[in-house]
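Inspection log for the structure reproduced underneath, given as structure tokens.
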Amino acid sequence: MEDERIWDFERELWVGGDAVYRERVSEDCLMALPGEPFLFGGDEAAKAVEQTPRWRDVRFCEQRVSRPQEGLIVIAYRVEAQKEEGSYHALCTTTLRRRAHEEWDVVQHQQTPLGMMVADPRQT
């Protein structure tokens, strides 16, 4: 997958609806997100993403792409996302796996918010 298509794929995950997630997030996906329970796996990862409000505007900065092996793409970036309630800034990584010709899914996603305190689950 060429770089421009990778970033279009990722942008659609931020602004798309539930159908985009069901199509693109693997049942094997692992996620680390800034909301409880913080670590998500399998079906709970897809459900967590489905329940996330859509962003109306998303901008990626400091984009990096790595292709460690055939059929595997790892991206890292800084995101600035906007919605009516405000903005969100984070450092993110996503790992994409090729399932078939021109068919990719997300097997890993992580977000580290910038400028926000993330609760320590041991103190709740």
### Task
Considering each residue of the range 42-58, count those that are assigned to a strand (DSSP E or B) and loosely packed, with under 14 Cβ neighbours inside 10 Å, and give that number.
1
### Task
Read through the list (1) surrounded by fewer than 14 Cβ atoms within 10 Å (Cβ to Cβ); (2) without any contact (Cβ under 8 Å) to a residue 24 or more places away in the chain; (3) among the acidic types (Asp, Glu), then give the number of the only condition that residue 80 fails.
(1)
### Selection within the range 41-79 - closer than 20 Å to residue 16 by Cα, at pLDDT 85 or above and in contact with a Leu (Cβ under 9 Å, 6 or more places away or on another chain)
75, 76, 77, 78, 79
### Message
Which residue is nearest to residue 74 (Cα to Cα), if the candidates are limited to the range 1-22 and must be modelled with pLDDT under 90 and of a type outside the set (Val, Ile, Thr)?
### Response
21
### Residues of the range 10-41 satisfying the condition of being hydrophobic (A, V, I, L, M, F, W, C), in a helix (DSSP H, G or I) and farther than 16 Å from residue 81 by Cβ
19
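The values are calculated or read from the model by the stated rules, or taken from the named source; none is laboratory data. Everything numeric in this text was worked out from a predicted model, so none of it was measured. Heads up, the Cβs are rebuilt from the backbone with ideal geometry, glycines too, and the neighbour counts pull from every protein chain shown.
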